[in-house]
Amino acid sequence: MSSTSNLYSEETIVGIDLGTSTSAIAVLIGGRPELIQDAQGDRIIPSVVQITPDGETIIGSVAKHGAVAFHDRTVQESKRLMGTDEKIKFAGQEKTSEEIATTLLTYLKDAAEAKQGRGTVKDVVVSVPARFENAAREATRRAAEAAGMNVVRLINEPTAAALAYGLETLGQNQKVLVFDFGGGTLDVTVLEMFDGVLDVKTSVGDDRLGGKDIDDLLVKLFREVYKDQHGKSLPPPSKDRKVAQILKEEAEAAKRWLSSSVTLPVDIPYVSTEGGLSFLLTRQKFEEICEPLLMRAMSLVNEALSRARLKWEDVDVVLPVGGSSRIPLFRRAIEYAWGKELREYQNPDEAVARGAAIAAGVEAKQFEGAEDIVVQDVSPHRLGVATVKQVGAGQYVDDYFSAIIPKDSKLPAQSRRNYRAALGDGSEIYIRVYEASTESNLCRDHRLITELKMRRINESDPTEEITVEFGYTLDGTLAVAARYVSSPMLKVEGVFDLSAIRAEPIPPPVPPPVPEQRTPAPSNRDDSGEQFLPAKPIASIPQPVAATIIPVVPETVRPAPSLSPQQLNSLWRKRPGAEQCTPLIEQSERAAIENPESAKYIRSAADELKMALIAGTDADVRQKLDALTDVLFDLA
């Protein structure tokens, strides 16, 4: 594909890789992504911010080189705190990770404009870890806006890396595994390329597994050796940040050296008043201390393949991305499992920034046929509501997470589920919306997005059903609607922008006028196996961008064909993909027989999969297959 512009334009759209350890900015020149150097001539820029005693802010390699001298005035690896309110103390100041990111992004923007020579950088595509929660994505977007840029899109880092690799090969049918092992996180993404489409199947990851964690293991080893040699321990980082910085820099150097050599003489002349540190570190010892991290990494790789329903022999290409992917221990493990030798398709440190620049070019239609390039991404987390679930005779869990949009749902995604009201004698039902970043089924382990409430229309009827519907878009907007099955004209809804800030608070939803009734409380018994919506409030929650309870005309939806059970079971078996779905559907029928209290729910999920096979798209089939898998998993 060729570019429609070979030179910088007055309004340049760029791609930025805002990394934990390093960052980079790239732009399309002549249809090819090129990294931009900063004032020090670096294309890969350390994500380090330093404030000197005279108040000057220094960023990049100069700040990194001065980290020992100005250990209490330097901040590194702040990205891990993105989206939190935790303060980072340095140079007598307290800043959030978002504020530090703004400083880094401003520096990258200035570097691009200095090289561009004219015009300004306004639009940007910024990469984020696939595992980032929406709070962290929102903070990244705000940081870029505070730096004077308009975020056109946030793209997952593995997706960007695959785009950098596959720009010229999107027409080929390839299954690709991206092993994105950076400074702060490990993301493993499985995707397929065909006919100009980059179709992400799944992304899994660990935001506490990266180059920093390897550095920490080496620092721990250094401290142990020092204690053996001198008979006393070094002070902890909180007591002596200078010593901590010295050890950290030695660990980073050792990690790089042992990626190409088998031994390293560690010689630090001065660590404390007791003396220095001197010993021979071998690659064998290095790999020994890294083995627990390798086990975690390969577990994620196997999980990704399992979720994508692929075997190693199905994988055509493995893309090692990120500086930590150079470590021989991890490369050998992947090669052994795959049965093939890894190739370097591009510089692992530059791949994400290049891919972000390509995504920017696609957004700005800077390629001929850019409209034919499609990037299909997935939901990184589950989205759902809090429910009351029966887990045994007379036993209930009152904050059970019920997923409405499963993880790995193709975006944009839309899904709905039915519930009944339960607990208490109040006249209101509370719908609490959560984002689940872990596999836990308890809402207390997840992030509360918001809460909607609606009036009961008949407090004496414990079987009154409510449909809760979610719509989740590529730009991070979640639309929530809840309505009574028997009275769909009564509806409460809200639109929540999970990836952008809203300056003005919005008043909470106001329930419609419903005649007050004093009636007995609904029964708590779950005879049908369905889950209940709670009937008590929770304090201190964010409000929706827009929420009202109003009489509305029911929305227009494509009705499902009216099929009898016999027709349904006859038709779905004849459709493409039926052979792959048959084992799971048969398993669901056995589960329905073995779990009569949940039979209605199981068979409903199975019927939705059958209907997707008959009348839906491939994406519909994948979504319903995932939904049925989650149902059976919950029963396990």
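Val190 fulfils the conditions (1) within 25 Å of Ala164 (Cα to Cα); (2) out of contact with any helix residue (DSSP H, G or I) (no Cβ under 9 Å at 6 or more places or on another chain) except for a single criterion, (2). Mind checking whether some residue in the stretch 180-192 is open to solvent by 10 Å² or more (accessible area, probe 1.4 Å), at pLDDT 90 or above and of a type in the set (Ser, Thr, Tyr)? Within the stretch 180-192, one or more residues are open to solvent by 10 Å² or more (accessible area, probe 1.4 Å), at pLDDT 90 or above and of a type in the set (Ser, Thr, Tyr).
Confirm whether Ser97 is open to solvent by less than 70 Å² (accessible area, probe 1.4 Å), hydroxyl-bearing (Ser, Thr, Tyr) and either in contact with a Cys (Cβ under 9 Å, 6 or more places away or on another chain) or within 23 Å of Ile36 (Cα to Cα) (or both). If you could, list the steps in order and put the result at the bottom.
Details: open to solvent by less than 70 Å² (accessible area, probe 1.4 Å): yes; hydroxyl-bearing (Ser, Thr, Tyr): yes; either in contact with a Cys (Cβ under 9 Å, 6 or more places away or on another chain) or within 23 Å of Ile36 (Cα to Cα) (or both): no.
When the stated conditions are applied, Ser97 does not pass them.
Scanning the stretch 364-401 for residues that are in a loop (DSSP other than H, G, I, E, B) and either polar (S, T, N, Q) or modelled with pLDDT under 80 (or both) turns up Gln366, Glu368, Gly369, Ile373, Ser379, Ala393, Gly394.
Quick check on this structure: which one of Gln174, Gln116 is open to solvent by 10 Å² or more (accessible area, probe 1.4 Å) and within 22 Å of Arg343 (Cα to Cα)? Reasoning before the result, please.
Numbers: Gln116 fails: within 22 Å of Arg343 (Cα to Cα).
Just one listed residue meets the conditions, Gln174.
Hey, can you tell me all the residues within the stretch 62-75 that are without any contact (Cβ under 8 Å) to a residue 60 or more places away in the chain and open to solvent by less than 20 Å² (accessible area, probe 1.4 Å)? Working first, answer last.
If we filter the stretch 62-75 for residues that are without any contact (Cβ under 8 Å) to a residue 60 or more places away in the chain, which is where we start, we get 62-66, 69-70, 73, 75.
Result: Ala63, Gly66, Val75.
Within the stretch 281-293, residues that are assigned to a strand (DSSP E or B) sit with their Cβ atoms under 7 Å from residues that are open to solvent by 10 Å² or more (accessible area, probe 1.4 Å), at 6+ positions apart or across chains, in these pairs: Leu281/Leu264; Thr282/Val262; Thr282/Thr263. Of the residues Arg296, Arg343, Arg309, the single one that is at pLDDT below 95, under 24 Å from the mean Cα position of the chain (by Cα) and not in a strand (DSSP E or B) is Arg309.
Please find, within the stretch 194-247, the residue that is surrounded by the fewest Cβ atoms within 10 Å (Cβ to Cβ) out of those that are among the hydroxyl-bearing types (Ser, Thr, Tyr) and outside any helix (DSSP H, G or I).
So in the stretch 194-247, the residues among the hydroxyl-bearing types (Ser, Thr, Tyr) come out as 202-203, 226, 233, 238.
Now drop any that are not outside any helix (DSSP H, G or I), which leaves 202-203, 233, 238.
On the way: Thr202: 22, Ser203: 28, Ser233: 11, Ser238: 7.
So the residue we want is Ser238.
Where residues in the stretch 573-597 are assigned to a helix (DSSP H, G or I) and at pLDDT below 80, which of them is most open to solvent (accessible area, probe 1.4 Å)? Of everything passing the filter in the stretch 573-597, Lys574 is most open to solvent (accessible area, probe 1.4 Å).
Tally time: how many residues in the stretch 47-61 are surrounded by fewer than 23 Cβ atoms within 10 Å (Cβ to Cβ) and out of contact with any Asp or Glu (no Cβ under 6 Å at 6 or more places or on another chain)? Give the derivation first.
Our first condition is that a residue be surrounded by fewer than 23 Cβ atoms within 10 Å (Cβ to Cβ); within the stretch 47-61, this holds for 51-58, 61.
Now restrict to residues that are out of contact with any Asp or Glu (no Cβ under 6 Å at 6 or more places or on another chain): 51-58.
Total satisfying the criteria: 8.
Only residues that are more than 16 Å from Val321 (Cβ to Cβ) and either small (Gly, Ala, Ser) or modelled with pLDDT of 95 or more (or both) were counted across the stretch 17-28, and they come to 1. Gly31 meets all of the listed conditions (1) modelled with pLDDT under 95; (2) open to solvent by less than 20 Å² (accessible area, probe 1.4 Å); (3) on the phi < 0 side of the Ramachandran plot but one, namely (3).
Within the stretch 263-277, residues that are farther than 18 Å from Glu252 by Cα reach no partner that is small (Gly, Ala, Ser) and open to solvent by less than 20 Å² (accessible area, probe 1.4 Å) with beta carbons closer than 9 Å at six or more positions or on different chains.
Only one of the numbered conditions (1) at pLDDT below 90; (2) surrounded by 21 or more Cβ atoms within 10 Å (Cβ to Cβ) is violated by Ile404, and that is (1).
The values are calculated or read from the model by the stated rules, or taken from the named source; none is laboratory data. Worth saying up front: this structure is predicted, and the values here are computed from it rather than measured. Backbone-built Cβ (ideal geometry, glycine too); neighbour counts: all protein chains shown. We work out accessible area using only protein heavy atoms, side chains counted, and drop any ligands, DNA or RNA first. Shrake-Rupley method; radii C 1.70, N 1.55, O 1.52, S 1.80 Å.
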